[in-house]
Structure formats: structure tokens, C-alpha cells
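S.K.: To start, I am sharing the structure in question, which I have written as C-alpha cells.
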Amino acid sequence: MTRRELAPYLLSDQATLREAIERLDAVRGQLVVVIDEDGRLRGSLTDGDVRRALLRMTPMEAGVETAMNAEPVAVRRGQNPAEIQAELEVRGATQAPVIDRAGRVVGLYPEHYGDAGRRDNLVVIMAGGRGARLAP
């Protein structure tokens with residue numbers, strides 16, 4: 001992901017909650033990454049974080065730090081994809097910023113949010129219930 005493609009997903013730690021909501025809406029993603037002036041990861045903000053802040057009656061002009069997750073899931077550049085998936089599953093996340101050794105945000109994982117990726121599934125069976133009709 002180029003810096004230009006990444007830019008819309010980045011938000012200054014000096015931004016307001018209103019600016020954060022506008023950014024989330026503009027990127028139509030589920031995640032905005034909050035960075036400091038050097039591009040280092042400060043936190044992340046999801047639509048869920050915004051909802052929780054609004055339920056706490058946080059003013060729209062409050063700083064984004066009042067709503068952001070200050071300990072987001074982050075992956076290191078070059079990290080093994082299996083490790084990344086395991087870490088995301090443990091933390092209940094689907095997306096994460098990619099950081100370099102200095103903690104600067106250099107990408108997003110997965111790179112394209114709208115792309116669910118190719119799967120080799122030929123069929124998906126959706127079933128529910130207790131299965132009482134098939135019981136002996």
C-alpha cells in the first residue's frame with residue numbers, strides 16, 4: 001500500500017471526535033489509525049469506539065484520544081501471516097495497522113478492506129437448530 005493510499009486512513013492525534021467520524025465516513029472503512037506528528041501509532045478508532053464515546057456523552061469537539069483505543073492490535077512489517085491472523089482472532093479484530101521498527105504506520109492489514117480475498121470453498125452450508133427432525 002502506498003503512502004498515498006494509506007493517507008485517508010490516518011488521523012492526527014490532534015483531531016476532534018467530529019473529524020474522526022467524518023474520516024470514518026469518508027473512507028467507508030471500519031478503522032481509522034491515529035498517529036502522532038512523526039507518523040507513529042497512537043491508537044485506532046472504529047465505529048464501535050465512536051458509538052461508545054457518544055453513549056458516554058463525549059462532546060463532538062473533544063479530542064480523538066477520548067474515544068480511540070490507545071492499545072490497538074498492530075502488526076509488524078514482515079510478520080508471518082499466520083501469526084497475524086492468530087493475534088487478530090485473539091483480540092477480536094479483523095483489521096490492524098502495520099508498523100515498522102520505529103512504530104510508524106506503514107500500511108494496513110489486510111491491505112484492501114473491501115476485498116474479502118479468494119476462498120477455495122466450493123459450497124457453504126448454513127444450518128441451525130437442534131436437528132430434532134433428523135433424530136431417530
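S.K.: For the range 10-51, count the residues as N, evaluate 2.2 N^0.38 Å, and divide the Cα radius of gyration by that value, please. All intermediate terms of the calculation are to be shown ahead of the outcome.
M.R.: Working: Rg = 9.4 Å, N = 42, 2.2 N^0.38 = 9.1 Å.
Relative to the rule-of-thumb radius for its length, the range 10-51 sits at 1.04.
S.K.: If packing is taken as the average number of other Cβ atoms within 10 Å across a peptide's residues, how do 29-37, 56-64 rank, most packed first?
M.R.: Values: 29-37: 19.4, 56-64: 13.4.
So the order, starting with the most tightly packed, is 29-37, 56-64.
S.K.: Would you work out the relative contact order for the chain, in percent, from Cα pairs under 8 angstrom that are 6 or more residues apart? Before the final figure, lay out each step's value.
M.R.: Numbers: 184 pairs, mean separation 29.6, N = 136.
Relative contact order comes out at 22 percent.
S.K.: Just from its helices, what would the mean residue ellipticity at 222 nm be for the chain, if runs of 4 or more DSSP H residues each count -39500 (n - 2.57) and the sum is divided by every residue, rounded to the nearest 500 deg cm²/dmol? Intermediate values should be presented prior to the final figure.
M.R.: Details: 4 runs with 35 residues, N = 136.
Taken over the chain, the calculation gives -7000 deg cm²/dmol.
S.K.: Pop the C-beta distance of residue 52 and residue 4 into the FRET formula with R0 = 25 Å and round what comes out to the nearest 0.05. Walk me through the intermediate numbers first.
M.R.: Working: r = 31 Å, r/R0 = 1.26.
The pair residue 52/residue 4 has a calculated efficiency of 0.20.
S.K.: Past the 16 angstrom mark, what percentage of all C-alpha to C-alpha distances in the range 4-82 do you count? Can you show the working numbers first?
M.R.: Numbers: 1477 of 3081 pairs.
Every Cα pair in the range 4-82 considered, those over 16 Å come to 48 percent.
S.K.: Shifting gears a bit: Looking at the chain, what % of its DSSP beta bridges pair antiparallel, to the nearest 5?
M.R.: Percent antiparallel among DSSP bridges in the chain is about 70.
S.K.: What do you get for Rg/Rh over the chain if you use C-alpha atoms and the Kirkwood form of Rh?
M.R.: Working: Rg = 18.3 Å, Rh = 16.6 Å.
Computed over Cα atoms, the ratio is 1.10.
S.K.: So what are the three principal axis dimensions of the range 50-103 from its Cα atoms, in whole Å, longest to shortest?
M.R.: Here the spans come out as 40, 25, 12 Å, largest first.
Laboratory data are not the source of any read-out in this text; all were calculated from the coordinates shown. Source: prediction; values computed, not measured. We place every Cβ from the backbone using ideal geometry, glycine too, and count neighbours over all the protein chains shown.
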